[in-house]
Each structure stands twice: as structure tokens, then as C-alpha cells.
Amino acid sequence: MFRFEQMIHSRMTLREVVQRWPRTAEVVERYGFRAVCHDCDLQTAARRKGVPALEVILALNLEVFGDSAEAKERAACRRA
């Protein structure tokens, strides 16, 4: 079952996210986050770039979990 705790959230650092899910590196590069920010949490890194943190977190979660996580969650709710 998909758990909320497994998702990427604002208190995680960029380094933590990229180390745990390497394919997020492309998203990090797309937003232009520099290596200096890798120890910043996602909220701080987004604020420094002038991007809504929610947008960045959503993009990272979609890269890792895609739509399949949402579909699995809906299916689990229907079975309950």
C-alpha cells in the first residue's frame, strides 16, 4: 500500500531526494538548483529560485511515483 510518508516533502534536502531517487536529478536541473543548494530543504531552494515550493515538490513526486501511485491509492480506497 502506498503511504504518505514515502512521498517527497518540503523538509527533505535536495541531496537527500537525489540520493534516494536518482532520476529526480533531471527535475532538479530543470529548475536550475545549484550544488550550493543541495543541502537546502526543498522549501528554501524553491524560495531562492522564486518558484512555488508546491510546484517543485509535485514535479519531483510525479517523476518518482508518476500517476501509478495515485491509481494504486484509488484502487485501494475502492476495495476498502
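Things to note:
- Theoretical FRET efficiency, 1/(1+(r/R0)^6), r = Cβ-Cβ of Glu29 and Gln6, R0 22 Å, to 0.05: 0.40
- The HN-Hα couplings worked out from phi for segment 12-22 by the Karplus form 6.51 cos²θ - 1.76 cosθ + 1.60 (θ = phi - 60°) are 6, 8, 4, 4, 4, 5, 5, 5, 6, 10, x Hz, whole numbers, x standing for Gly and Pro.
Since every read-out is calculated from the coordinates, none of them should be taken as a lab result. Note that the structure is predicted; figures quoted are calculated from it, not measured. Ideal geometry is used to build each Cβ from the backbone, glycine not excepted, and the neighbour counts take in all protein chains shown.
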